[in-house]
Amino acid sequence: MRFNYLTPDGVAQRNTIITNELGLMLRYAPNEKFYQAPDARLYAFNKYPTFQLWYTAGLKGVMGGEYSYHVLRAKVSKGIYLSPFGWADATIEAGRVFGQMPYTLLVLHPANQTFSYSSNDYNLMNNFEFVSDKFASVNISHNFAGFFFNRIPLLRRLKLREVVTFKALWGGLDERNRPNADNGLIQFPVNDAGETITNTLEARPYIEASVGISNIFRVLRIDVVRRLNYLNLPNTTPLALRAKFQMEF
């Protein structure tokens, strides 16, 4: 892959970026229960909060590492019982990057460009669409556990479940991490039409929401996902259908 960057004499190219990292992750999950399979772990719904903390250090000069930086991220998740209206899962996450580095080493927010619904990623965001060196996000999913469908005899027999989700992402990018001829950072990529496809989030948060039905044949979930803003960017999809195989008990 070729990376373009600016110099006082114009555009230059490089083929590689070398970085080495040292990381630490701490996780505290009181009263957590899960089902253990040979190659996967399914966590049970838990009303107690789960705390996670990540620290990453970039090691400049170690085994050819080119950048020195520090990254802090924190996440708090909690299940909430809302009887008789079902239950909700809420997650709040925030992070900060300290240092100067190319956008490929900053926070590229996780996009999902498959037809499968992702609970954690942004289902109508494109890959490399948004980059930040500081961010905060909220992800709320609510399962009504048949509160509405159970009032309709046929649907009650099918044991369908209503689900809604809301995801919002705030972010920003320091001036030192914006590519220019003085800092020599690699430029944001562009498409064939010359439009920049990597953007920042200073103007407003990215927001998407969905409404879906789960427990279809006990294994299938289908969601209608709506992207609520940044619709003027290249190759955006405002509305889409996503499906997911999901066992429910």
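The values are calculated or read from the model by the stated rules, or taken from the named source; none is laboratory data. Values in this document were obtained by computation on a predicted structure and should not be read as measured data. Glycine also receives a Cβ, built like all others from the backbone with ideal geometry; neighbour counts cover every protein chain displayed.
Does the stretch 46-61 contain any residue that is closer than 30 Å to residue 149 by Cβ and charged (D, E, K, R)?
Looking only at the stretch 46-61, we keep the residues that are closer than 30 Å to residue 149 by Cβ, and these are 46-50.
Those left that are additionally charged (D, E, K, R): 47.
Scanning the stretch 46-61, I find at least one residue that is closer than 30 Å to residue 149 by Cβ and charged (D, E, K, R), so the answer is yes.
Does residue 56 qualify as being in contact with a strand residue (DSSP E or B) (Cβ under 8 Å, 6 or more places away or on another chain), assigned to a strand (DSSP E or B) and within 17 Å of residue 133 (Cβ to Cβ)? Against the criterion (in contact with a strand residue (DSSP E or B) (Cβ under 8 Å, 6 or more places away or on another chain), assigned to a strand (DSSP E or B) and within 17 Å of residue 133 (Cβ to Cβ)), residue 56 qualifies.
Restricting the first member to the stretch 231-247 and to residues that are on the phi > 0 side of the Ramachandran plot, and the second to residues that are surrounded by 14 or more Cβ atoms within 10 Å (Cβ to Cβ), the beta-carbon pairs closer than 7 Å and six or more apart or on different chains are 235/126. Looking only at the stretch 106-162, which residues are in contact with a Pro (Cβ under 7 Å, 6 or more places away or on another chain), closer than 20 Å to residue 198 by Cα and surrounded by fewer than 19 Cβ atoms within 10 Å (Cβ to Cβ)? Selection gives 121, 128.
Can you confirm whether the stretch 88-106 contains a residue that is within 14 Å of the chain's Cα centre (by Cα) and assigned to a loop (DSSP other than H, G, I, E, B)? For the stretch 88-106, residues within 14 Å of the chain's Cα centre (by Cα) and assigned to a loop (DSSP other than H, G, I, E, B): present.
Being surrounded by 14 or more Cβ atoms within 10 Å (Cβ to Cβ) and more than 30 Å from residue 208 (Cβ to Cβ) is true for just one of 95, 10, 58. Which residue is that? Explain how you work it out, then say what you get.
Details: 95 fails: more than 30 Å from residue 208 (Cβ to Cβ); 10 fails: surrounded by 14 or more Cβ atoms within 10 Å (Cβ to Cβ).
Being surrounded by 14 or more Cβ atoms within 10 Å (Cβ to Cβ) and more than 30 Å from residue 208 (Cβ to Cβ) holds for just one of 95, 10, 58, which is 58.
Looking only at residues that are in a loop (DSSP other than H, G, I, E, B) and out of contact with any Asp or Glu (no Cβ under 7 Å at 6 or more places or on another chain) in the stretch 148-163, which one is farthest from residue 78 (Cα to Cα)? Filtering first and then ranking leaves 152.
Do any strands (runs of 3 or more DSSP E) entirely within the stretch 164-246 hold 3 or more residues that are more than 17 Å from the chain's Cα centre (by Cα), surrounded by fewer than 17 Cβ atoms within 10 Å (Cβ to Cβ) and of a type outside the set (Lys, Arg), and if so, which? Steps first, please.
Values: elements: 206-216, 220-227, 239-245.
Where strands (runs of 3 or more DSSP E) fall fully within the stretch 164-246 and carry at least 3 residues being more than 17 Å from the chain's Cα centre (by Cα), surrounded by fewer than 17 Cβ atoms within 10 Å (Cβ to Cβ) and of a type outside the set (Lys, Arg), they are 220-227, 239-245.
Might you check whether a residue that is aliphatic (A, V, I, L, M), within 19 Å of residue 239 (Cα to Cα) and not in a loop (DSSP other than H, G, I, E, B) occurs anywhere in the stretch 111-133? Even if it seems obvious, please write down each step before you answer.
Of the stretch 111-133, the ones aliphatic (A, V, I, L, M) are 111, 124-125, 131.
Add one more test, that the residue is within 19 Å of residue 239 (Cα to Cα), and what stays is 111, 124-125.
Next, from what is left, pick out any that are not in a loop (DSSP other than H, G, I, E, B): 111.
Among the residues of the stretch 111-133, at least one is aliphatic (A, V, I, L, M), within 19 Å of residue 239 (Cα to Cα) and not in a loop (DSSP other than H, G, I, E, B), which makes the answer yes.
Take residue 208 and tell me if it is acidic (Asp, Glu) and at pLDDT 95 or above. Step through it out loud before you land on a result.
Values: acidic (Asp, Glu): yes; at pLDDT 95 or above: yes.
When the stated conditions are applied, residue 208 passes them.
When the stretch 65-87 is limited to residues that are part of a strand (DSSP E or B) and hydrophobic (A, V, I, L, M, F, W, C), the one that is surrounded by the most Cβ atoms within 10 Å (Cβ to Cβ) turns out to be 71.
A Cβ distance below 9 Å, combined with a sequence gap of six or more or placement on separate chains, defines the contacts here; from the stretch 145-158, residues that are over 13 Å from residue 84 (Cα atoms) reach residues that are part of a helix (DSSP H, G or I) and polar (S, T, N, Q) in the pairs 156/150.
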